[in-house]
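What follows is a single structure, written as structure tokens, with notes after it.
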Amino acid sequence: YSDPDVLYISLHRYDDGNFFPGSGAPEEVGSGMGVGYNINIAWTGGVDPPIGDVEYLTAFRTVVMPIANEFSPDVVLVSAGFDAVEGHLSPLGGYSVTAKCFGHLTKQLMMLAGGRVVLALEGGHDLTAICDASEACVSALLGLELEPLDSSLLQQKPNVNAVATLEKVIEIQSKHWGSVKRFAATVGCSLLEAQKGEAEEAETVTAMALLSVGAEQGNA
């Protein structure tokens with residue numbers, strides 16, 4: 001919690017501290033030299049609507065991967081708890097993240113640290129959900145072709161509770177990580193809208209760079 005050499009990121013159900021164990025608030029950012037190296041994506045709002053694939057993918061797009069890339073870890077250690085996988089009753093999680101989504105999230109993490117990713121099974125309470133999610137994650141680690149996500153996910157926007165959670169996390173963590181600031185405006189976008197916006201932004205940057213080079217050559 002106070003070590004700046006360790007970046008800790010957690011995605012978990014929180015419900016304003018009313019869900020077990022009641023800890024892991026977004027404001028818990030570390031202590032001493034470790035301030036800013038503890039990131040809690042503490043989902044709040046219960047399960048109506050539930051948190052699912054779109055919300056987890058959006059969290060990775062706007063918070064997890066930007067900060068992880070900025071930190072640039074030597075190795076990624078994942079405490080793989082699967083309470084968020086669909087099949088768990090509300091007291092045990094109640095979310096609707098698909099097993100195959102966990103495989104795709106693992107694949108994203110493998111873009112870090114030269115692919116040095118270690119998963120340690122933490123838990124879950126539904127045997128089928130645990131098995132399916134574990135299989136998807138191991139398939140990603142082995143470089144196998146993953147079951148594709150539903151194409152409709154690209155057009156879905158994260159639910160309002162998830163957007164509020166992520167906006168709060170970005171507000172807090174932008175004081176420590178410059179990489180998340182640019183995503184504040186796109187938290188509520190669908191993945192397709194976000195990709196389009198990022199592509200347009202990249203084109204604008206490229207155009208500005210070319211103009212700059214052209215101006216320099218003209219002055220030479």
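Each reported figure results from applying straightforward, stated rules to the coordinates on display, with no laboratory input. From a predicted model like this one, the values you see are computed outputs, not experimental measurements. Neighbour counts are summed over all protein chains in view; Cβ atoms, including those assigned to glycine, are modelled from backbone coordinates with ideal geometry.
Quick notes on this structure:
- The angle separating the long axis of helix 191-219 from the principal Cα axis of greatest extent in the chain is about 20 degrees.
- Two-site FRET efficiency, residue 15 against residue 113, from Cβ-Cβ distance with R₀ of 35 Å, rounded to 0.05: 0.60
- Its Cα centre serving as origin, the chain has a Cβ charge dipole (Lys and Arg +1, Asp and Glu -1) of approximately 280 debye.
- Fully extending the segment from residue 128 to residue 5, taken as 0.36 nm per residue of separation minus the present Cα-Cα distance, adds 40.7 nm.
- Helix 160-173 vs. the chain, principal-axis angle (Cα, 0 to 90°, nearest 10): 60 degrees
- Modelled FRET efficiency - R0 25 Å, residue 152 with residue 174, Cβ distances, 0.05 increments: 0.20
- Qualifying lysines (Cα of each under 21 Å from Cα of residue 181; at least 8 residues distant if same chain): 157, 168, 196
- Nearest 10 degrees, 0 to 90: helix 127-141 Cα axis against the chain principal axis: 30 degrees
- Of the GluC sites (Glu not before Pro) found in region 1-83, the ones in coil according to DSSP and having at most 11 other Cβ atoms within 10 Å of their Cβ are 27.
- Taking every DSSP helix (H) stretch of at least 4 residues in the chain, weighting each as -39,500 (n - 2.57) and dividing the sum by the residue count yields a mean residue ellipticity at 222 nm of -12000 deg cm²/dmol.
- Paramagnetic reach from residue 28 in region 57-79 [backbone N under 16 Å; point 7 Å along Cα→Cβ]: 79
- Mean Cα-pair separation over length for the chain, i.e. relative contact order, pairs under 8 Å, 6 or more apart, %: 20 percent
- Dipole-positive endmost among 190, 68, 33 within the chain (Cβ charges, Cα centre): 33
- Backbone N under 16 Å from the residue 69 label point (7 Å along Cα→Cβ), restricted to region 158-182: 177-182
- Restricting region 49-157 to trypsin sites (Lys or Arg not before Pro) in coil, as DSSP defines it, with at most 15 other Cβ within 10 Å: 116
- For region 87-97, backbone phi angles converted through the Karplus equation (6.51, -1.76, 1.60; θ = phi - 60°) give residue-by-residue couplings of x, 8, 5, 3, x, 9, x, x, 8, 10, 6 Hz, Gly and Pro being listed as x.
- Alpha-carbon centroid distance for the pair region 59-75 / region 26-57, whole angstrom: 14 Å
- For region 8-189, the residue among 128, 92, 143 whose Cα projects farthest onto the positive side of the dipole built from Cβ charges is 143.
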